Structure formats: structure tokens, C-alpha cells
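Visitor: Dropping a structure here in C-alpha cells format, bear with me for questions.
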Amino acid sequence: MDYLLFVAAIIVLIIGFIGDIIPGIPGTPVSYLALLLVHWTERFSFSSEFLVITGLICVAITVLDYVVPVWGTKKFGGTKAGVRGSTIGLVVGILVLPMLGIVLGPFGLLGILGGPFVGAYLGEKMGGTPDDKAWRSAVGSFIGFISGTLMKLAYTGVVGYYVIKAIFF
């Protein structure tokens, strides 16, 4: 039974990493689930304090993931139109380019990174914002998106370290 939980933990951890980058998959909570799967084995157990602390960090990062991009856009002078455009741009960048046959190449990465930037700019322009403010909003959206993604990847990396260490060492 332990081996089944170990395999499930590794699969869930990989899904967590993917979810850190692609919206729609809650990467941070999924990564925490990998930690719990290892904890539920008979071979390895984490302390209650460790699980509570990593769980609280998981909740904080999940909340911050929604706040940081909006904060970045607003901090750089963006409006609700820019925030909506950034979100739409991210989804379009992830969904449209792979449909065009560009899955993981430079254009797929470009869609993930550039989608929020272009979306925020277009959202601001459609909202009637002047060019200079629309560009600033787009930069803020990009910085917020990258910050949130790096935060999630760091958490999943730490959780991954503990999962892999527990399974293989």
C-alpha cells in the first residue's frame, strides 16, 4: 500500500508543478496533497507541527496568488479592465497557442509569459486608458504574474524536496 501512495504522491507532485504555471489547476494545494500522501504511509510520518505550518503557508500562498497580480496591476496604475485583460490574456496565451500546434516550444512559453502582459495592455486600451498608463499597467500585471508563479514554484519545490527525500532517502 505504501508504494501505491508513493507513486500517487509523485504523480500529484508533478501535477502540482504543472498547476503552478497553468491556471485552473491549484498547484500549491495539490503539492500539499503529495506531502499528505507520503505522511499517510506506514513507512514515513511528518510531525504535526510541520504539516500545520506547511498547510498554513499553502493557504497563504493560494490567497496571495489571487492578490499579487491584481496588486501589481493596480500598483502600476492599472484598472479593473487591465486586471480582467491580464486574466483573459493568460488563458488565451495558454489555450490558443497549443491549439495552433505550438505546445511547449518558445511560443508556448511566450503565451504563458506574454499573455498577461498583452491582455492587460489591451484591456486598458479597451477601457479608454492612454498608451503610457496602459503600458505601465501591463508591466505591473506581468510582474505580479511572475511573482505569484515564482512563489508557488518555490513552495512546490520545497514540498517536492521533502516528498522525494521521504520516498528515496
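Visitor: Identify, by number, the condition in (1) at pLDDT 80 or above; (2) not in a loop (DSSP other than H, G, I, E, B) that Gly77 doesn't meet.
Guide: Only one criterion in (1) at pLDDT 80 or above; (2) not in a loop (DSSP other than H, G, I, E, B) is unmet by Gly77, namely (2).
Visitor: Please verify whether Val118 is part of a helix (DSSP H, G or I) and within 15 Å of the chain's Cα centre (by Cα), treating the condition exactly as stated.
Guide: Working: part of a helix (DSSP H, G or I): yes; within 15 Å of the chain's Cα centre (by Cα): no.
It is false that Val118 is part of a helix (DSSP H, G or I) and within 15 Å of the chain's Cα centre (by Cα).
Visitor: Could you tell me how many of the residues in segment 23-54 are of a type in the set (A, V, I, L, M) and out of contact with any helix residue (DSSP H, G or I) (no Cβ under 6 Å at 6 or more places or on another chain)?
Guide: Residues in segment 23-54 being of a type in the set (A, V, I, L, M) and out of contact with any helix residue (DSSP H, G or I) (no Cβ under 6 Å at 6 or more places or on another chain): 4 in total.
Visitor: Hey, can you tell me all the residues within segment 38-55 that are farther than 16 Å from Leu4 by Cα and part of a helix (DSSP H, G or I)?
Guide: Answer for segment 38-55, where residues must be farther than 16 Å from Leu4 by Cα and part of a helix (DSSP H, G or I): Ser48, Glu49, Phe50, Leu51, Val52, Ile53, Thr54, Gly55.
Visitor: Inspect segment 46-62 for any residue being modelled with pLDDT of 95 or more, of a type outside the set (Val, Ile, Thr) and within 14 Å of the chain's Cα centre (by Cα) and give the result as yes or no.
Guide: yes
The values are calculated or read from the model by the stated rules, or taken from the named source; none is laboratory data. From a predicted model like this one, the values you see are computed outputs, not experimental measurements. Cβ: placed from backbone, ideal geometry, glycine included. Neighbour counts: every protein chain shown.
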